[in-house]
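Only one structure is covered here, and it is reproduced in the block below.
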Amino acid sequence: MTEYEIYALKYAGPFKSSGAFLMWFKEWERIVERNYYIWCLRGKSETVVVDAGVAPGPAADKNLAGYNSPADVLARIDVSADEVRHVVLTHLHWDHASGVSLFPNARFYIQKEEYRFWMKDPIAARPPFKHVSDEGSKTYLTSLEGSDRLVLVDGDREILPGLECLLAPGHTVALQALAVQTKAGTAILGSDC
């Protein structure tokens, strides 16, 4: 079986905010600190990125503290964003997907219902949904419709040997987690579960 090493790569932060930012209108009085990450999975024959992070333009617009381009963060572990062939998008919130254009040769794996909601459902254009998505990434991904660079996953599915997308709705309509085979066993990258 194919095994991967998992790298957690911080690209922005730390940020402080009310707990309600993370807990959906709970814990208003609690101050939480968070950072933003992408993940890199390195196997013998494949390198897979989990989530695309934020591109430089949207990062500047949002004035992200401690920001480094996800492409630059990957370069620190000798991975070129131009050479990445597989990117799993756990969901289509701006902080996970607005960096899709940084991976011009990648195939993107997204849950079918996640994609349908953000790209086709008029509710996604209403507050509060509109404020957590990114128009640039939506335009980029819709330009890939009909090509082999956009893979719409329907539920739990192995996408490469040793990697399985797992439907985990809740945070979004069809968020996905990822089961990764490692030397130590199966690891679950739960994203914002």
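The values are calculated or read from the model by the stated rules, or taken from the named source; none is laboratory data. Just so you know, these numbers come straight off a predicted model, no measurement behind them. So basically every Cβ, Gly included, is an ideal-geometry build from the backbone, and we count neighbours across all protein chains shown. Quick note on the areas: whole protein, heavy atoms, side chains included, nothing else; ligands and nucleic acids left out. Shrake-Rupley method; radii C 1.70, N 1.55, O 1.52, S 1.80 Å.
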Simple spin-label model, 7 Å along Cα-to-Cβ: Asp192 to Asp82 in nm?
3.2 nm
Once His171 and Arg34 are pulled to full extension, the length gained, defined as 0.36 nm per residue separation minus their Cα-Cα distance, is 47.6 nm
Could you work out how far apart the two model spin labels at His131 and Lys26 are, taking each label as a point 7 Å from the Cα in the direction of the beta carbon, and quote it in nm?
2.0 nm
May I ask you to compute the full-extension gain from Ala75 to Lys112, defined as 0.36 nm times their residue separation minus their alpha-carbon distance, rounded to one decimal in nm?
10.3 nm
So, with +1 on the Cβ of K and R and -1 on the Cβ of D and E, and no other charges, what is the size of the charge dipole of the range 43-193 about its Cα centre, to the nearest 20 debye?
100 debye
At most 13 other Cβ atoms within 10 Å plus a DSSP loop assignment makes a site exposed; report the longest stretch of the chain without any exposed trypsin sites (Lys or Arg not before Pro).
77-182
Starting from the 7 Å offset along Cα-to-Cβ, what nm value, one decimal, do you get for the label separation of Ile159 and Asn105?
1.9 nm
Which of the chymotrypsin sites (Phe, Trp or Tyr not before Pro) found in the range 1-71 are in a DSSP loop and have at most 12 neighbouring Cβ atoms, other than their own, within 10 Å?
Trp24, Phe25, Trp28
Want the number for Asn63 to Lys44: 0.36 nm per residue separation, take away the alpha-carbon distance, what's left?
3.1 nm
Ranked by accessible surface with a 1.4 Å probe, highest first, in what order do Ile6, Ile110 come?
Ile6, Ile110
Equivalent-ellipsoid semi-axes of the chain, from the Cα gyration tensor, Å, largest first:
24, 20, 18
Considering the dipole of the range 31-101 built from charges on the beta carbon (Lys and Arg +1, Asp and Glu -1) around the Cα centre, which of Val49, Leu92, Ala81 is farthest to its positive end?
Val49
In this model, which of Lys10/Lys44; Lys10/Lys112; Lys16/Lys62; Lys26/Lys62; Lys16/Lys130 are farther than 26 Å apart at the alpha-carbon?
Lys10/Lys112
Which residues does the label zone of Ile123 cover in the range 155-193, counting backbone N under 14 Å from a point 7 Å along Cα→Cβ?
170-175
